[in-house]
1. From the list 116, 160, 111, pick out the single residue that is farther than 30 Å from residue 202 by Cα, surrounded by 13 or more Cβ atoms within 10 Å (Cβ to Cβ) and not assigned by TED's automatic domain parsing to the domain that holds residue 241.
2. As an exercise: evaluate residue 256 against (1) modelled with pLDDT under 95; (2) under 16 Å from residue 36 (Cα atoms) and give the number of the one condition it does not meet.
3. Quick check on region 170-185. Is at least one of its residues in the same structural domain as residue 109 (by TED's automatic domain parsing), surrounded by 13 or more Cβ atoms within 10 Å (Cβ to Cβ) and in contact with a helix residue (DSSP H, G or I) (Cβ under 7 Å, 6 or more places away or on another chain)?
4. Of 207, 258, 249, which residue is surrounded by 15 or more Cβ atoms within 10 Å (Cβ to Cβ), within 22 Å of residue 26 (Cβ to Cβ) and in the same structural domain as residue 28 (by TED's automatic domain parsing)?
5. Quick one: in region 79-106, of everything that is on the phi > 0 side of the Ramachandran plot and at pLDDT 90 or above, which residue is nearest to the chain's Cα centre (by Cα)?
6. Of all residues in region 69-96, how many are part of a loop (DSSP other than H, G, I, E, B), free of Cβ contacts under 8 Å to residues at least 60 places away in the same chain and out of contact with any strand residue (DSSP E or B) (no Cβ under 6 Å at 6 or more places or on another chain)?
7. Give the residues of region 107-122 that are under 14 Å from residue 155 (Cα atoms), part of a helix (DSSP H, G or I) and over 15 Å from the mean Cα position of the chain (by Cα), sorted by residue number.
8. Could you tell me how many of the residues in region 13-46 are in contact (Cβ under 8 Å) with a residue 24 or more places away in the chain and not in a helix (DSSP H, G or I)?
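The values are calculated or read from the model by the stated rules, or taken from the named source; none is laboratory data. These numbers come from a predicted model, not from an experiment. In this analysis, Cβ positions are derived from the backbone assuming ideal geometry, glycine residues included, and neighbour counts consider all displayed protein chains.
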C-alpha cells in the first residue's frame, strides 16, 4: 500500500471504535511512524485502553497487554531464564515486552523497580536477562496509560522514564455530539465484534522509513533548537527539554508532515507538536 493509504486505513479503522478524537488518533499515528512511545494520561472511562487496543488491532502485529499492579515483577516485563526439568538446559521465558505493541496499562501503579525494567526496551529495543541481550521485534512501541486523578497506591514516573516517551497525550471528555453518538452505539449493541487488521508489520516499517525521508531543513532545526534552549532559561519551566526531547520534537514534526502528505517540515508542524 501507499503511505497515504496506510495512514487513511488505520485512521478509519480506529474511528470505527473510537468516536471523535481525530487529533489523538493522529498523535498515535505520528508516534507509530516515528518509532516512538506514547503515554496516554487521563481519567478512567475516557477510552485510553480502547484507543490502544484499536490501534493494535488495526495493525497485524503481535500485541500484549500487561496490567501493572504493585505485585508485577521486572521479570514479568523482560522475561526470565529457568532450567529445563528434563534436559537441564537454560530456557528463556519471554516477558510481555517481547512483542510489537505493548500496552502498559496503569504504568504508575507498579513499583519503580518494575517501571525501570522498561527503560532499556524503550531506548535500545532490547532487553538483557542474566547477562544475555535479546533484540525486540520490529516494529516496537510501548503505549502506556495512567490515571492522574487518583494518587493513592501509585508511584510517579521518574523523569528518566518520562523522557523516553515521544509524547504525553490526553484523551479528554467527548463533546456533546460525540457523547450522544457513543450512547447511540452502546444502545445498538456497543462496539464491533472485532476490528480487523488493515496493515501489517511491513507497512509500519514502510511508514517509519518514509518518515526518514521527510526533510527537516536547517532553519527548521535551528527553530527547534531555539525553542528547546528557551525552556532551559526560564523560571517558569522546572526542568528544561533534554537533547533527547529535542530529537523527539524534530521526529514528531516530521511525523506530522508525513500525515499531512508533505515531504518537508514547516514551522506549523513544530508549533503543533510542541504544545
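1. Values: 116 fails: farther than 30 Å from residue 202 by Cα; 160 fails: surrounded by 13 or more Cβ atoms within 10 Å (Cβ to Cβ).
The conditions single out 111.
2. Tallying (1) modelled with pLDDT under 95; (2) under 16 Å from residue 36 (Cα atoms), residue 256 fails exactly one: (1).
3. yes
4. On the way: 258 fails: in the same structural domain as residue 28 (by TED's automatic domain parsing); 249 fails: in the same structural domain as residue 28 (by TED's automatic domain parsing).
None of the other options fit; the residue is 207.
5. From region 79-106, those on the phi > 0 side of the Ramachandran plot are 79, 88, 106; that's our starting set.
Applying the additional criterion that residues be at pLDDT 90 or above yields 79, 106.
Details: 79: 21, 106: 14 Å.
For region 79-106, the residue satisfying everything is 106.
6. Looking only at region 69-96, we keep the residues that are part of a loop (DSSP other than H, G, I, E, B), and these are 69-73, 84-89, 95-96.
This time we only want the ones that are free of Cβ contacts under 8 Å to residues at least 60 places away in the same chain, so: 69, 71-73, 84-89, 95-96.
If we keep only those that are out of contact with any strand residue (DSSP E or B) (no Cβ under 6 Å at 6 or more places or on another chain) as well, we get 69, 71-73, 85-89.
Going through region 69-96 one residue at a time, the tally reaches 9.
7. Of all residues in region 107-122, those under 14 Å from residue 155 (Cα atoms) come to 107-116.
Cutting the leftovers down to part of a helix (DSSP H, G or I) gives us 107-109, 112-116.
Of everything in region 107-122, those that are under 14 Å from residue 155 (Cα atoms), part of a helix (DSSP H, G or I) and over 15 Å from the mean Cα position of the chain (by Cα) turn out to be 108, 109, 112, 113, 114, 115, 116.
8. First, pick out the residues of region 13-46 that are in contact (Cβ under 8 Å) with a residue 24 or more places away in the chain: 13-14, 16-21, 24-44, 46.
Then drop every residue that is not not in a helix (DSSP H, G or I), which leaves 16-21, 35-44, 46.
Number satisfying all stated conditions: 17.
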